[in-house]
Amino acid sequence: MAEILGLGCTHRPVMLRRNEDWTGMMRTSLDDPDMPEKMKDPARWPAQLREELGNDFGAAAAGRAREVYRRHFAEARAALDEFKPDVIVMFGDDQYENFNEDVVPPFAVLAYDGHEIEPWKNRAWNPWGEPNDARFSFAGHRAAGKYLASGLLDHGIDAAYAYRPLHHPLGHAFAYTLLLLDDNRRGFDYPLVPFSVNCYGRRVNAARGLRLPLAMRDKIRELDPPSPSPARCMAVGAVTARVMAKSPWRNAIMASSSWSHSFLTEKNYQLWPDVAADRRLYDALEKGDYATWHRYTTDEIEDSGQHEVLNWFCLLGAMEELGRKPDRSEFIETWAFVSPVVFAYYMP
């Protein structure tokens, strides 16, 4: 059987912004014309949020957090370098990038030959000071993608597959992860098979992968069809592990996303994430309590703004199939910077 490394991380978009911009989503929500006046009063916000914001609306705390995340990305890269996978299968969400109104598959294996991105083309700043026309090339693995798609279909998982991009060369869930894993720009040579998950479900087209106006907070169920359920994501992950364990390649199975997002947590008026709900899921992850993950519902995902955690449900399904518990993991709490983050390692 092929050896498999399990790895969970994040693609952390705020890492590509200036420190003073890490609270940009919160500022946008506060400026929403339908934000109740009472919710603009910091006295009504959690103490942890007020502390993180400090007297500069989070800029100093963002600078400290940046170094924490950089350290964790370096550790994740070190785990990959030690394992040396022949291919990485990465679960990530598509936010109205490659898939939109013409087709939104619940799951899609992107069996490309390679990935070419220009991440700074429409950005004024990036943390590496790279030019706007900087191009990055990453290897794909069509054979592994075809093998995985075939295996999924053989096991009753009706996943889509593609050999070339539709609307976007590589969604940010995948592209940002690679850029952050190569923080010191040594190059990233491990071939990638992106496994796209429609995490945003009811919001994906209406919100174009971002926030919805507060005026729509009670109308979300009227928008798009839902995402695949947590249970289905775990089943997809389990079959992915079963298939790739029989493959000829040494492979890493990864999930890349942060956890509950403030701008998806309507019950908090998009001002802070559901840290308590994330903690409960994380505690179960840390203990290898897969039953808790199996009981989770789409309603709970949507209520807590945990849409992107569906990528982790795929990873947890894979690790349960392999009989693994995390060898180490860490929950990085934040109330001001959109979403808490988890890193987890399941060693072969």
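The values are calculated or read from the model by the stated rules, or taken from the named source; none is laboratory data. As the structure is a prediction and not an experimental result, all values here were calculated from the model. FYI the Cβ positions are ideal-geometry reconstructions off the backbone, even for glycines, and counts take in every protein chain you see. Keep in mind that these areas ignore ligands, DNA and RNA; they rest on the heavy atoms of the full protein, side chains included. Shrake-Rupley method; radii C 1.70, N 1.55, O 1.52, S 1.80 Å.
Per-structure values
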{"read-out": "Of residues in segment 276-289 being small (G, A, S) and in a helix (DSSP H, G or I), the one most open to solvent (accessible area, probe 1.4 Å)", "value": "A276"}
{"read-out": "Some residue of segment 50-58 being modelled with pLDDT of 95 or more and buried (at least 21 other Cβ atoms within 10 Å of the Cβ)", "value": "yes"}
{"read-out": "Pairs with Cβ under 8 Å, 6+ apart, first in segment 191-202 and free of Cβ contacts under 8 Å to residues at least 40 places away in the same chain and of a type outside the set (A, V, I, L, M), second surrounded by fewer than 24 Cβ atoms within 10 Å (Cβ to Cβ) and in a loop (DSSP other than H, G, I, E, B)", "value": "none"}
{"read-out": "Of all residues in segment 303-348 being open to solvent by 10 Å² or more (accessible area, probe 1.4 Å), among the acidic types (D, E) and outside any loop (DSSP other than H, G, I, E, B), the one that is nearest to R202 (Cα to Cα)", "value": "D303"}
{"read-out": "Answer from A255, A235 - the residue that is assigned to a strand (DSSP E or B) and farther than 25 Å from T23 by Cβ", "value": "A255"}
{"read-out": "Selection count where residues are surrounded by 21 or more Cβ atoms within 10 Å (Cβ to Cβ) and either aliphatic (A, V, I, L, M) or farther than 17 Å from P127 by Cα (or both), scope segment 13-28", "value": "4"}
{"read-out": "Test set (1) in a helix (DSSP H, G or I); (2) under 22 Å from D93 (Cβ atoms); (3) out of contact with any Leu (no Cβ under 9 Å at 6 or more places or on another chain); (4) in contact (Cβ under 8 Å) with a residue 60 or more places away in the chain - Y147 fails condition number", "value": "(2)"}
{"read-out": "Some residue of segment 164-180 being open to solvent by 10 Å² or more (accessible area, probe 1.4 Å), of a type outside the set (G, A, S), closer than 17 Å to H261 by Cβ and under 18 Å from the mean Cα position of the chain (by Cα)", "value": "yes"}
{"read-out": "Single residue of segment 195-232 satisfying the filter (of a type in the set (A, V, I, L, M, F, W, C) and assigned to a loop (DSSP other than H, G, I, E, B)) that is surrounded by the most Cβ atoms within 10 Å (Cβ to Cβ)", "value": "C199"}
{"read-out": "Positions within segment 86-134 being of a type in the set (A, V, I, L, M), exposed (fewer than 14 other Cβ atoms within 10 Å of the Cβ) and in a strand (DSSP E or B), in sequence order", "value": "V103"}
{"read-out": "Odd one out for T292 among (1) of a type outside the set (D, E, K, R); (2) open to solvent by less than 30 Å² (accessible area, probe 1.4 Å); (3) in contact with a Lys or Arg (Cβ under 8 Å, 6 or more places away or on another chain)", "value": "(2)"}
{"read-out": "D102, sole failed condition from (1) among the charged types (D, E, K, R); (2) touching a strand residue (DSSP E or B) at 6+ places or on another chain (Cβ under 7 Å); (3) under 30 Å from P226 (Cβ atoms)", "value": "(2)"}
{"read-out": "Residue pairs meeting the criteria (Cβ under 6 Å; at least 6 apart or on separate chains; first of a type in the set (D, E), in segment 73-101; second open to solvent by 10 Å² or more (accessible area, probe 1.4 Å))", "value": "D86/W249; D86/R250; E97/H168; E101/N205"}
